[in-house]
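Everything below concerns the one structure shown next.
The values are calculated or read from the model by the stated rules, or taken from the named source; none is laboratory data. Given the structure is predicted, the values throughout are model-derived calculations rather than measurements. Methodologically, a virtual Cβ is constructed for each residue, glycine included, from the backbone with ideal geometry; neighbour enumeration extends over all protein chains shown.
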Amino acid sequence: MKYNIKVSEVKNGSENLKGLATVVLGDSFRLGNIMIMNDPKRDQLFVAMPSYKTNQVNDKGEPVFNSYFNPTSKEFYNELSGNILDAFNELKEHQAGNRYNVTINEKDTTMPEFEVRVTPFENENSNIKGLVSMKIENCMAVNNLTVKESREGNLYVDMPSYKAKQLDDQGKAVYKDICNPVTAKFGEKLNQAILSSYEAAKENTRNSVLGKLHESKDSVEAKRSEAPEKEKEPRQHERDDAR
């Protein structure tokens, strides 16, 4: 799969944050906020995927963080992180301006294949209707996409985002996408796949609930039909004793 890497140096960040990288898969889907970190114990650079804080805690009572996206195999992680670090080293060694770009597998111009999985989410106090995960070319997993309902009742797909430090013209917080489609064609294809999967998952959930209700109803009716037979037995014994 073709992918493009863009790296930049961070000079005013935290002590261990040295740079940021953006990866575009197949000229179709952007992965942003990838961090180039320094391990102070080893004095060695490594790549960290962006993550978000969940409501869960580990055995030590510490908050659990999940990645917005991550390679699905060690091989692809090593390949991707290695290429990101190589690009960052090129930027540092040759002073190639503020940013440096490199393209991997440039001859592969096909649109990347993907698959999505949608779990319906029902909460009357939320406009979130479905939780979405996707895999791109079976090598990159993307999490925390959502199906939402607008005020007009229309469904749409929302990409993972983070709260930026700046405010808009009305003084409200600005949210920026962590990852997103970069072409209208891929975006339309992805939206259609997600919304179709949502409707199918919702229908499966509905059928499952109806099936359980029918099973429960049949069980109750079966018990009711057995009840008179049990009542007749002692009455038959009473007649035999009377004789």
Would you please list the contacts, defined by Cβ atoms under 7 Å and residues six or more apart or on different chains, that run from a residue in the range 191-207 that is under 11 Å from Leu155 (Cβ atoms) to a residue that is surrounded by 15 or more Cβ atoms within 10 Å (Cβ to Cβ) and of a type in the set (Gly, Ala, Ser)? Tyr198/Gly130
Residue check: is Tyr156 surrounded by 11 or more Cβ atoms within 10 Å (Cβ to Cβ), free of Cβ contacts under 8 Å to residues at least 40 places away in the same chain and within 24 Å of Tyr175 (Cα to Cα)? yes
In the range 121-136, anything out of contact with any Leu (no Cβ under 7 Å at 6 or more places or on another chain) and surrounded by 18 or more Cβ atoms within 10 Å (Cβ to Cβ) is listed as Gly130
Output the number of residues of the range 3-24 satisfying the condition of being touching a Lys or Arg at 6+ places or on another chain (Cβ under 8 Å) and surrounded by 22 or more Cβ atoms within 10 Å (Cβ to Cβ). 2
Log entry, pairs with first residue in the range 15-34 being in contact (Cβ under 8 Å) with a residue 24 or more places away in the chain, second being among the small types (Gly, Ala, Ser) and surrounded by 20 or more Cβ atoms within 10 Å (Cβ to Cβ), beta carbons closer than 6 Å, six or more apart or on different chains, reads Ile34/Ala21
Against the definition (closer than 19 Å to Ser133 by Cα, surrounded by 17 or more Cβ atoms within 10 Å (Cβ to Cβ) and of a type in the set (Phe, Trp, Tyr)), how does Phe69 come out, yes or no? yes
At least 2 residues that are modelled with pLDDT of 95 or more and either under 18 Å from the mean Cα position of the chain (by Cα) or among the charged types (D, E, K, R) (or both) in each: list the strands (runs of 3 or more DSSP E) lying fully within the range 146-190 that qualify. 155-158, 179-181
Does the range 93-114 include one or more residues that are hydrophobic (A, V, I, L, M, F, W, C), within 24 Å of Thr54 (Cα to Cα) and surrounded by 18 or more Cβ atoms within 10 Å (Cβ to Cβ)? no
What number of residues in the range 54-78 are part of a loop (DSSP other than H, G, I, E, B) and either out of contact with any strand residue (DSSP E or B) (no Cβ under 9 Å at 6 or more places or on another chain) or at pLDDT 95 or above (or both)? 7
So which residues in the range 79-106 are in a loop (DSSP other than H, G, I, E, B) and under 19 Å from Ile136 (Cβ atoms)? Asn105, Glu106
Glu93, sole failed condition from (1) of a type in the set (Asp, Glu); (2) under 29 Å from Asn38 (Cα atoms); (3) within 15 Å of the chain's Cα centre (by Cα): (3)
In the range 107-122, what count of residues is obtained for those that are part of a loop (DSSP other than H, G, I, E, B) and either of a type in the set (Val, Ile, Thr) or more than 30 Å from Leu155 (Cα to Cα) (or both)? 4
Go through (1) surrounded by 15 or more Cβ atoms within 10 Å (Cβ to Cβ); (2) without any contact (Cβ under 8 Å) to a residue 24 or more places away in the chain and name the single condition Val64 misses. (1)
